[in-house]
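Inspection log for the structure reproduced underneath, given as structure tokens.
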Amino acid sequence: MTAQPAEPEKLGTLAEDDHRPDPQATKKDSITGKSPMRIALGRLAKDKIAVVCAAVVLFFVIIAVFADSIMKIFGVSTETVLPSAYLDTLGGGLPLKGPPNHGFDPEHPFGIAPQTATDNLAFWLKGAQTSLMIAGLATAFAAILGITLGLVAGFLGGVVDKIISFITDLFLTIPFLLAALVIAPIIAQRYALSDNYQDIQLFTLVCVLSAFGWMGVARLIRGEVLSLREREFIQAARVLGMPTHRILIRELLPNLAAPIVVSVSLMLPTFVAAEAGLAFLGIGVTSGTSWGQTIAKATNFFETYPLYLWEPMIGIVALVLSLNLLGDAIRDALDPKTRR
């Protein structure tokens, strides 16, 4: 009989441990091949607060876009005025129908405005539309201006950088509220009788917000460009003779996506609150519909009809708080040093 060769000895647990997957290696493999934007989106999807805030912001965006359609569904508008029989003329003009004093009314779920007998839901929807439209346009213009100036100042340097930095510091020294108080009466006196006064007022407000909101973005982009322009890929582009505008747009701008997204996400809630505050002071939107205007009218009914005041207040707080928390979450998700 031929002897069978002996099997090699196995080192038990040592041999088995060699084939066990390394959890750190598995984690690295899952990240390998993903772009920074995909990694950031994955972090955001795991953040419950960010998901809730994104849903709230999406809810307000849908309201702003489809405000007119929603008002048609409920059969109301900002021009809807109920008969005087719905108001208590002897009790300060308080509503005799709808919440909170007379139960829920499906025709007017947000109640009726005191003294004017207008529908609160219609003014709430139009107020959300006005706030987001003004804040969105102001954010877009301020971001474009700040990014452009920051790119040019950081990349060219020298005299151009000094001039742009001086202009930035000059605008930072001008009080925003004081400038708005000066500009608003001039616009009101100049275009008060114009047929397009409402559009002119909105355009002026967007310009004022943009003119005093681009400086932070410009400074941030300038600082990032100062560090990026000395990198190898920028030096290689210069050696190859690539034009300056192409270097700014094709090489530098994609590497600034993270700070731009963070700046825009934090700028938007600031403009929403600023628009409401200016409308409350009577120097913002005065010929249209705004949450700030509603709050200014509702302060006289704080004790007798608090619902009139709380509705726009809750809208502003919910929108601004959600935008701020979402902006913080985006900043943490885009930061490669953040671990979650």
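For first residues located in region 184-209 and assigned by TED's automatic domain parsing to the domain that holds Ser131 and under 13 Å from Met133 (Cα atoms), partners that are acidic (Asp, Glu) and assigned to a helix (DSSP H, G or I) and lie 6+ apart or on another chain with Cβ distances below 9 Å form the pairs Leu205/Glu275; Leu209/Glu275. The residues on offer are Val285, Val261, and the sole one that is part of a helix (DSSP H, G or I), surrounded by 14 or more Cβ atoms within 10 Å (Cβ to Cβ) and among the β-branched types (Val, Ile, Thr) is Val261.
Just to verify a result, which residue in region 196-220, among those that are over 20 Å from Val152 (Cβ atoms) and among the hydroxyl-bearing types (Ser, Thr, Tyr), is farthest from the chain's Cα centre (by Cα)? Per the stated criteria, the residue is Tyr197. When only residues in region 288-311 that are more than 21 Å from Ala180 (Cβ to Cβ) and hydroxyl-bearing (Ser, Thr, Tyr) count, which is surrounded by the most Cβ atoms within 10 Å (Cβ to Cβ)? So the residue we want is Tyr308.
Can you tell me which condition Gly277 does not meet? The list is (1) over 25 Å from Phe155 (Cβ atoms); (2) touching a residue at least 60 places away in the same chain (Cβ under 8 Å), and all the others hold. Unmet for Gly277, out of (1) over 25 Å from Phe155 (Cβ atoms); (2) touching a residue at least 60 places away in the same chain (Cβ under 8 Å): (2).
Scanning region 40-59 for residues that are part of a helix (DSSP H, G or I) and either of a type in the set (Ser, Thr, Tyr) or more than 22 Å from Leu132 (Cα to Cα) (or both) returns Ala40, Leu41, Gly42, Arg43, Leu44, Ala45, Lys46, Lys48. In a residue-by-residue description of region 230-250, the property of being touching a Pro at 6+ places or on another chain (Cβ under 8 Å) and either farther than 23 Å from Cys53 by Cβ or at pLDDT below 85 (or both) applies to no position.
The values are calculated or read from the model by the stated rules, or taken from the named source; none is laboratory data. In this text the structure is predicted, and so the values were computed from the model without any measurement. A quick note on method: Cβ atoms are made from the backbone with ideal geometry, for glycine too, and the neighbour counts reach across all protein chains shown.
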